[in-house]
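A.B. asks: Have a look at this one before I ask anything.
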Amino acid sequence: MTPEEIGQRFTAFLEGEAIETESSYGTATVTVPRERFADAVTFAKTTRGLDFTFFDFLTGVDEADNGYGVVTHLYSPIHGHHVLIRTVVPNDDPHLPSLSGVFAGANWHERETWEMFGVVFDGHPNLVKLLLSDEFEGHPLRKEFLLTSRVVKPWPGAKEPGE
Amino acid sequence: MGLSDQVEVPQPIKFVLNWGRKYSLWVFNFGLACCAIEFIATSMSQHDFIRLGVIPFAHGPRQADLMVVSGTLTDKMAPAVKRLYEQMPDPKYVISFGSCANCGGPYWDSYSVTKGVDQIIPVDVYVPGCPPRPEALLQGIIKLQSQIQDESLKQRYAAKPAPELAAEAR
């Protein structure tokens, strides 16, 4: 199935919702409202013809004032096609329904996204720190997170090419 | 430690004891990252640190004399390193192998990396490099052995009271 056809299937499923589909580098990217994020993933997994039964990863993206993006990559071993399902949660209310009921493997990915970006996954069975030490404070992959070493000593090299 | 930290052993006996100790270093490899590969290369036939009396792959920290911390130490891992160090019997030595174990190395600004293993346990020899070549570890081992040959257990332990073991390490 081509990326365009995959996008059309999701558009038909979420008729009338704020949904965007695009194809980037041969992979379909579907942006859905956060209320329908778990529905879209369930649809992708259970619909015949799509069969996205392989959960690859789930992670976050700090999109500054736009909010926090959450993106998951699914793969279909039957058809060999991919899809990226993404959503955006606002900065002041970073909540999202958990996917761990759909894909059990999403459990640890959501814990990591929670500790790194502060996105709370409602309904997660065990939302505790995964990689960081217990006493760690803050969400280190947020752009606003201050690296104390960098405050004391600025980055010694160039940040951008040509600087 | 018994008597050896109470009285200075006579010089000929001290020489023999130190000589025996320096050529029988059971080593406990705390491999945390790519430097551990260099450590393993040093233990294999090409570089072969057994010819220096360093015996690799001690069965556990309780059988080891030397701990080589090779790789990136994170804050999450730090309590485990300290605990295993405390389980080693005295006299014990530590080689910090590679830039990450020395000072954090390329992760100097990271939120999760401990800036040097010497922040949690005492280090005898630092081996610089990213990662250091096996020859550098051999040089570090020879350096440690010359330190062991010259050391006095009385001076090493008399001034220092026995470390308070963490409750779970007993």
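The values are calculated or read from the model by the stated rules, or taken from the named source; none is laboratory data. Quick caveat, the model's predicted, so the values are computed rather than measured. Here the Cβ positions follow ideal geometry from the backbone for every residue, glycine too, while neighbour counts run over all protein chains shown. These area figures cover heavy atoms from the full protein model, side chains too; ligands, DNA and RNA do not enter into them. Shrake-Rupley method; radii C 1.70, N 1.55, O 1.52, S 1.80 Å.
A.B. asks: Could you work out the local net charge near A:Ile19, counting Lys and Arg as +1, Asp and Glu as -1, over the other residues with Cβ closer than 13 Å to its Cβ?
C.D. replies: Here the count lands on -2.
A.B. asks: Okay, next question. Could you tell me the calculated FRET efficiency between A:Asp93 and B:Ile40, based on Cβ-Cβ distance and R0 = 45 angstrom, to the nearest 0.05? Mind dumping the intermediate values first?
C.D. replies: Details: r = 50 Å, r/R0 = 1.10.
FRET efficiency, A:Asp93 to B:Ile40: 0.35.
A.B. asks: Continuing with the same structure: For the range A:54-163, I need the span (max minus min coordinate) of the C-alpha atoms along each principal axis, in Å, sorted largest to smallest.
C.D. replies: Cα spread of the range A:54-163 along its principal axes, largest to smallest: 50, 37, 25 Å.
A.B. asks: Taking every pair of Cα atoms in chain B, average 1/r, invert it to obtain the Kirkwood radius, and report Rg/Rh to two decimals.
C.D. replies: 0.97
A.B. asks: Return the Rg/Rh value of the protein assembly as shown, two decimal places, where both radii are evaluated on C-alpha atoms and Rh is the Kirkwood radius.
C.D. replies: 1.13
A.B. asks: Give me the percent of accessible area attributable to carbon and sulfur for the protein assembly as shown, probe 1.4 angstrom.
C.D. replies: Heavy-atom surface of the protein assembly as shown belonging to carbon and sulfur, 1.4 Å probe: 56 percent.
A.B. asks: Right, here's the next one. Taking both sides together, what accessible area is buried at the B/A interface, probe 1.4 Å, expressed in Å² and rounded to the nearest 100?
C.D. replies: Its buried surface, counting both partners, is about 900 Å².
A.B. asks: A further question follows. So how do A:Val88, B:Val127 rank on accessible area, 1.4 Å probe, biggest first, that is with the largest at the start? The partial results should precede the final answer.
C.D. replies: Values: A:Val88 45, B:Val127 5 Å².
The ordering from most to least exposed comes out as A:Val88, B:Val127.
A.B. asks: If you don't mind, another one. Run the paramagnetic zone check for B:Arg51: 7 angstrom along Cα to Cβ, then residues of the range B:125-147 with backbone nitrogen under 12 Å.
C.D. replies: From the range B:125-147, the list is empty.
A.B. asks: Compute the accessible area of each residue in the range B:111-132 twice, once for its chain alone and once with every protein chain present, using a 1.4 Å probe on heavy atoms, and list those whose area falls by at least 20 Å².
C.D. replies: Buried on complex formation: B:Tyr111.
A.B. asks: Also, I was wondering about something else. Please give me the summed charge of the neighbours of A:Val83: other residues whose Cβ is under 14 Å from its Cβ, Lys and Arg +1, Asp and Glu -1.
C.D. replies: Local charge sum for A:Val83: -3.
A.B. asks: Taking 30 Å² as the minimum loss, tell me which residues in the range B:56-101 lose that much accessible area going from the chain by itself to the full protein complex (1.4 Å probe).
C.D. replies: B:Lys76
A.B. asks: Placing unit charges on C-beta atoms (Lys and Arg positive, Asp and Glu negative, everything else neutral), compute the dipole magnitude of the range A:43-141 about its Cα centre in debye, rounded to 20.
C.D. replies: The dipole magnitude comes to about 640 debye.
A.B. asks: Moving on. Could you give the dipole magnitude of the range B:70-112 about its Cα centre, charging the beta-carbon of Lys and Arg +1 and that of Asp and Glu -1, in debye to the nearest 20?
C.D. replies: The calculated dipole for the range B:70-112 is roughly 100 debye.
A.B. asks: If I take every Cα pair under 8 Å that is 6 or more residues apart in chain B, average their sequence separation and divide by the length, what percent do I get for the relative contact order?
C.D. replies: On the way: 284 pairs, mean separation 44.3, N = 170.
Relative contact order for chain B comes out at 26 percent.
A.B. asks: Enter the angle in degrees (range 0 to 90, nearest 10) between the Cα long axis of helix A:3-13 and the first principal axis of the Cα atoms of chain A, meaning the one along which they spread out most.
C.D. replies: 80
A.B. asks: Ranking request for peptides A:148-161, A:65-78: highest mean number of other beta-carbon atoms within 10 Å first, then the rest in descending order.
C.D. replies: A:65-78, A:148-161
A.B. asks: How much length, in nm to one decimal, is gained on full extension between B:Arg156 and B:Glu86, taken as 0.36 nm per residue of separation minus their Cα-Cα distance?
C.D. replies: Working: separation 70, 0.36 × 70 = 25.20 nm, distance 1.62 nm.
Length gained between B:Arg156 and B:Glu86: 23.6 nm.
A.B. asks: Which lysines have a Cα lying under 30 Å from the Cα of A:Lys143, excluding residues fewer than 8 positions away in the same chain?
C.D. replies: A:Lys129, A:Lys153, A:Lys159, B:Lys76, B:Lys115
A.B. asks: Using only Cα atoms, locate the centre of the range B:8-30 and the centre of the range A:97-145, then give the distance between them in Å, rounded to an integer.
C.D. replies: Centre-to-centre (Cα) distance: 50 Å.
A.B. asks: Another one. Can you give the extra length, in nm with one decimal, that the chain gains between A:Asp56 and A:Val151 once fully stretched, where that is 0.36 nm per residue apart less the Cα-Cα distance?
C.D. replies: Stretched out fully, the A:Asp56 to A:Val151 stretch lengthens by 30.6 nm.
A.B. asks: Any idea of the accessible area per residue across the range A:90-152, 1.4 Å probe, to the nearest Å²? Don't skip to the answer; put the middle values down first.
C.D. replies: On the way: 3530 Å² over 63 residues.
On a per-residue basis, 56 Å².
A.B. asks: Please calculate the 1.4 Å probe accessible area of A:Glu5, with all protein chains present, and give it to the nearest 10 Å².
C.D. replies: Ignoring ligands and nucleic acids, A:Glu5 comes out at about 90 Å².
A.B. asks: What do you get for the angle between helix A:106-117 and the principal long axis of chain A? Use alpha-carbon atoms, 0 to 90 degrees, nearest ten.
C.D. replies: Helix A:106-117 sits roughly 40 degrees off the main axis of chain A.
A.B. asks: Just to be sure I understand the model, the point goes 7 Å from the Cα along the line to the Cβ. What's the resulting A:Lys159 to A:Leu131 distance in nm?
C.D. replies: 2.2
A.B. asks: Now, a different point. Using only the alpha-carbon atoms of the range A:1-103, report the extent along each of the three principal axes, biggest first, to the nearest angstrom.
C.D. replies: Result, largest extent first: 39, 26, 26 Å.
A.B. asks: Only counting protein heavy atoms at a 1.4 Å probe, give the residues of the range A:121-162, ordered by number, whose accessible area falls by 40 Å² or more when the other protein chains are present relative to the chain alone.
C.D. replies: A:Ser133, A:Leu147, A:Ser149
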